[in-house]
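Here is the structure we will look at, set down as structure tokens.
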């Protein structure tokens with residue numbers, strides 16, 4: 001079973017920041033938080049990952065709470081091409097990914 | 001780099017038929033994976049391989065077989081296809097667990113399989 005809880009769906013206006021929450025209250029100290037997305041029926045695409053500190057790359061920012069029980073993926077300026085299903089995954093070194101149903105993000109014009 | 005390629009893109013099988021889904025990666029990744037995704041659901045791991053000659057079962061291996069004779073190729077074999085195997089199949093690869101936290105997977109475009 002997935003170790004994370006995400007909202008089923010969210011909407012975001014084009015050009016605004018999209019903030020996607022994820023709960024992982026049972027996360028252990030060695031587990032990383034990963035985010036992937038799946039656009040339409042394509043293969044999932046890696047976005048970002050982190051352990052304790054906040055992370056930023058060219059696609060997104062990842063904010064992890066101090067107790068590590070939840071995190072937020074931020075797409076700073078959402079575009080229509082960001083419409084996708086977003087998966088939050090927690091995984092330890094040596095484990096295999098478990099993909100839950102994710103959050104369906106709709107970016108609206 | 002082509003990344004991860006999968007063939008065929010689509011296939012319709014009759015119940016009881018067999019087929020092989022092909023997966024090739026050109027990134028020299030040690031780890032390769034096969035997932036299936038049923039409509040509206042997340043991905044489930046079928047089999048994975050940590051290197052040539054080494055394979056292991058994932059969450060849903062029944063009805064499937066794999067082999068890994070080279071680093072590049074990781075075919076998935078369906079024997080005696082059943083309607084429950086109607087799904088989209090994704091192959092993925094990763095550099096492996098050289099360092100914790102550098103474990104992102106690269107996915108192929110998928111094979112859409114229908115068994116009737």
Task: Gap separating the Cα centres of the stretch A:71-92 and the stretch A:49-65, nearest whole Å - done: 11
Task: Kirkwood Rh and Cα Rg combined as Rg over Rh, evaluated for chain B - done: 0.96
TODO: Take the alpha carbon atoms of the stretch B:30-77, find their radius of gyration, then divide it by 2.2 N^0.38 Å using N residues; give the quotient.
DONE: 1.13
TODO: Give me a single rounded figure for A:34-46: the average over its residues of other chain Cβ atoms within 10 Å of their Cβ.
DONE: 5
TODO: Please compute P(r) over all alpha-carbon pairs of the protein assembly as shown, binned at 5 Å starting from zero, and give each bin as a whole-number percent.
DONE: 1, 7, 14, 18, 18, 16, 12, 8, 4, 1, 0
- [ ] Take B:66, A:98 and order them by how many other Cβ atoms sit within 10 Å, fewest up front.
- [x] A:98, B:66
Task: Prolate/oblate/rounded call for the stretch A:60-109, Cα gyration tensor, a/c under 1.5 rounded - done: oblate
- [ ] Name the most mobile residue of B:48, B:64, B:89, meaning the one with the largest mean-square fluctuation, in a Gaussian network model of chain B with Cα contacts below 10 Å.
- [x] B:64
Task: Rounded, prolate or oblate (a/c below 1.5 giving rounded, otherwise prolate when a/b exceeds b/c) for chain A by Cα gyration tensor - done: prolate
Task: Likely footprinting exposure, B:69, A:61, fewest C-beta neighbours within 10 Å first - done: B:69, A:61
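Just so you know, all these numbers are worked out from the coordinates, no wet-lab data involved. None of the values given here were measured: they were computed from a predicted structure. Neighbour counts are summed over all protein chains in view; Cβ atoms, including those assigned to glycine, are modelled from backbone coordinates with ideal geometry.
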